[in-house]
Amino acid sequence: MQAGLLTALLYASASLSPSGNITIQGDPREWVVAQQEENEQLSMTVLLRPGENLASWDEMLTFMTIKRPDVPQVLANNLRDRLLMNCPESSFEFHREASTDVLYEFRSAGCNAEYGFASQHEIGRIARTADSTLRVAYAVNSPQMSTELYRRFRRLLEGDLETLDPTKIKALAGLNGATSGRAAAAPDTPAEEMRSLLEQQSALLAELDQLAAEAQENTVSASDPPAGSDLTPVSLHEIQGDGSVGPPTREFKSTDTGMWALMPLSASSGADVRVRWIYEEGEAGGEQLLQEFSLVWDPIYDTVRSLLQFNDFILVGRYRVEVIVDGRQVGVGHFTVRRAGRFG
């Protein structure tokens, strides 16, 4: 599903009920606005069920827009890493992982309450558009949501709707008055505690945004040849089920079967072309040559294609692929492999 379709998923299918609360197509119960935040980098709207509040809630819908096209996998990985660092007994898995679209799920029980994930089951989607990155997440304040709720919101998150106005939910939220369509106050919660909860959520968002910015810079710097270099970038790709070239990516999982490397090349007939796959650093230590493939160049081709395959788990770490023509390096590409398993 294209990223724009995710925008329609919960934004465009929302409307106001006669009572002034927000309703979402496919979900029979109403929602109210609990929190809205906006700054130059991101905007966020949090919905709860009527009568609930941020200090005591059962169900939560979160809409976040990061105002730049970040890498969904990077954001999801940062979310996972931060969760597991603070709540090591949690489980995190990916149901779909693509360069522009990620569907994830996590469960956490007995977690560090200061982190804000004490007893929570969440399913969410992160998708990149032309000029922004969207995150839509549904959570219950319990380590396991009911089968009915899971099926309902999993179906919504995987929906395939037409692209409509992504600002719809914000417009609806803005129409709600102070006494209608707003989350309940927390009478038993001191004002200082409520303020602390809001500040905590804002801090988490700011940290996620900063991590994403740093990761985006690292991804760009890792994928491009050094400044002033005449090297051509080598693109890395997933392997499709039939072994063909899949979507481009710079991050693979240790359970992947391998990866494709592609680079446009114009070389003379008979040129000696070599592709070197190099492990730079990680759990297996320092730099080492994994594989070198060579071929005699035929001008009928215009692209170097090299497939690196594995029979077992791929070592976690940073990698480099180089293209050498007649002894001179002409191209380079970088990628990483992260651990897959219980936590995705």
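Values quoted throughout were computed directly from the atomic coordinates according to the rules given, and no laboratory measurement underlies them. No experiment lies behind these values; they were computed from the predicted model shown. Backbone-built Cβ (ideal geometry, glycine too); neighbour counts: all protein chains shown.
Odds and ends about this structure:
- Sorted peptide list for 310-319, 125-134, criterion being average Cβ within 10 angstrom, highest first: 125-134, 310-319
- Region 313-330-region 131-148 distance, computed between alpha-carbon centres (Å): 39
- Distance between the modelled labels on E37 and E89, one decimal in nanometres: 2.8 nm (7 Å Cα→Cβ projection).
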